[in-house]
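Okay, structure first, notes after.
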Amino acid sequence: DVSIFAGLSAALMFMINLVLESTFGSMGLGINSALLIVPIFLLYLGYFSSELFNGKTIGKQLLKIELRGLNGEMPSDQKLMRRFLIKHTAALLLFLYIIFDIEMFSLLFMAVMVFYVISSLAALGSETLSFHDRISALTVFPTKVPQIDINQVSQGKNTVELVKEMEE
């Protein structure tokens with residue numbers, strides 16, 4: 001859900017800015033666009049901050065999945081915050097660039113987006129964890145976590161692989 005929501009939010013913020021800039025000239029990045037972009041950004045943060053409180057967004061609740069530690073344990077607040085900050089850095093940088101028109105934010109945003117694309121491609125490999133999940137040691141589990149033999153986990157087997165084996 002993050003890629004859809006973040007992509008649409010970023011595209012909407014960028015399009016609003018372009019329209020206002022073409023309409024009002026160089027003032028497009030001024031107060032007019034801020035009045036429209038701030039509520040969009042606050043909605044974005046409001047939606048995804050629900051992961052900080054209960055480990056799932058509305059989308060995750062509908063799909064009956066939630067964030068858990070790699071061994072299926074409930075995530076700590078620190079891990080949830082780390083994941084949130086890493087995952088939403090690009091949206092914050094885009095917001096800062098549009099509001100303050102500082103080129104550094106634009107360059108950082110582009111660098112972060114390139115990094116996100118590379119990390120997303122890496123998640124297609126055998127590990128299947130995105131960068132923000134790898135750094136925060138979290139993954140997405142079904143809401144009802146299947147019982148996993150702790151002996152297999154202690155032998156070094158990844159819990160994600162064990163869940164997949166049990167589903168087959």
| request: Would you mind calculating the gained length between Gln61 and Phe100 on full extension (0.36 nm times residue separation, minus the Cα-Cα distance), in nm to one decimal? | output: 10.5 nm
| remark: For the pair Met113 and Thr143, the simple spin-label estimate (label points 7 Å beyond Cα toward Cβ) gives in nm 3.5
| request: Can you send over the solvent-accessible area of Ile135, 1.4 Å probe, protein chains only, in Å² to the nearest 10? | output: 80
| said: Please report the accessible area of Arg134 (heavy atoms, 1.4 Å probe, ligands and nucleic acids excluded) in Å², nearest 10. | reply: 110
| Two-site FRET efficiency, Met15 against Met81, from Cβ-Cβ distance with R₀ of 22 Å, rounded to 0.05 | 0.10
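The values are calculated or read from the model by the stated rules, or taken from the named source; none is laboratory data. From a predicted model like this one, the values you see are computed outputs, not experimental measurements. Every residue, glycine as well, gets a Cβ built from its backbone with ideal geometry; the counts of neighbours run over all protein chains shown. Side chains are part of the model used for accessible areas, which takes the heavy atoms of the whole protein and leaves out ligands, DNA and RNA. Shrake-Rupley method; radii C 1.70, N 1.55, O 1.52, S 1.80 Å.
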